[in-house]
Amino acid sequence: MTIVRYDPFRDLRTLQEEVNRLFSTNLTRGFAEEGIGRGAWNPSVDIYENKDHIVLEAELPGMKRADFDLSVENNVITLRGERHFEKKDETDNYHRVERAYGSFTRSFTLPNTVSSEGATADYRNGVLRVTLPKRAETKARRIEIKGEGEETAKTIEARAETAKAATK
């Protein structure tokens, strides 16, 4: 059996190392991902779908069309831009500035059922609306079934398989 020398500060050093590790990795990484650490601004985005399209709507208040850019690459749609602080007059002395300014990037992975071909974008009243059509093979369609001894064919409605159902 080996003899271990007692160190009364060992537990304290271990605690300090754990706290240092916590603040040096997880906390700063979490802030960087959310943009909290640098006070970044990100526009609010709604994404919804109907039977023919997936629609992305982003709020970009006070921005001009030249202030942002939209791209689709490898099934990822990316909105990036910058909202500038514009001082009206050099003699203005602001007491409070609550609106956020700065550059932003928002990226969203599109489902495989969407085609970037034929996508449209419209910017009105501070809202960007991007409409992405669904692929024809994923839309619901009707299939006619003919049976033996039947004079009239029966029609059934076929619905496209969703990505979730395809992975099960």
Residue count for the stretch 76-106, restricted to those that are free of Cβ contacts under 8 Å to residues at least 60 places away in the same chain and outside any strand (DSSP E or B): 16
Cβ-Cβ under 9 Å pairs, at least 6 apart or on other chains, the stretch 1-28 side of a type outside the set (Gly, Ala, Ser), far side modelled with pLDDT of 75 or more and not in a helix (DSSP H, G or I): ARG13/ASP7
Residues of the stretch 122-138 classified as within 17 Å of the chain's Cα centre (by Cα) and surrounded by fewer than 17 Cβ atoms within 10 Å (Cβ to Cβ), total: 3
Test set (1) surrounded by 10 or more Cβ atoms within 10 Å (Cβ to Cβ); (2) at pLDDT below 90 - LYS88 fails condition number: (1)
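The values are calculated or read from the model by the stated rules, or taken from the named source; none is laboratory data. None of the values given here were measured: they were computed from a predicted structure. With ideal geometry, Cβ positions are generated from the backbone for all residues, glycine too; neighbour counts draw on all protein chains shown.
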